[in-house]
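The next block holds one structure in the form of structure tokens; read it before the comments.
The numbers here are math on the coordinates, done by the rules we state, and not lab data. The structure displayed is predicted, hence computed values, not measured ones.
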Amino acid sequence: MYFSPDKKFKTWRRLWIALAETEKELGLPITQEQIDELKAHAEDINYEVAKEREKVVRHDVMSHVYAYGLQCPKAKRNYPSWSNFMLCW
């Protein structure tokens with residue numbers, strides 16, 4: 001489905017990976033190992049974790065950032081740019 005939730009959330013993850021790669025190129029402290037970890041979990045979205053987190057924070061983007069961070073502990077950090085990036089997208 002073109003506009004399915006699954007498509008939306010996988011697109012978010014592809015955009016976050018692209019943002020991390022760009023931030024690394026600009027000299028931010030992001031390693032290739034972290035980017036590889038993000039890529040490894042780009043398709044296996046943990047929807048239940050995101051759903052439960054959204055009940056707490058009431059923010060769908062940050063709920064998915066949190067869920068992705070649990071899947072990618074090496075890449076987990078504070079990603080305010082991710083939320084801002086998605087709000088502008």
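Structure values in brief
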| quantity | calculated |
| --- | --- |
| Whole-Hz couplings from phi, Karplus 6.51/-1.76/1.60, listed for region 10-22; x for Gly and Pro | 5, 5, 4, 5, 5, 5, 5, 5, 4, 5, 4, 4, 5 |
| Violating pairs (Cα-Cα greater than 20 angstrom) within the set 7/55; 51/74; 39/76 | 7/55; 51/74 |
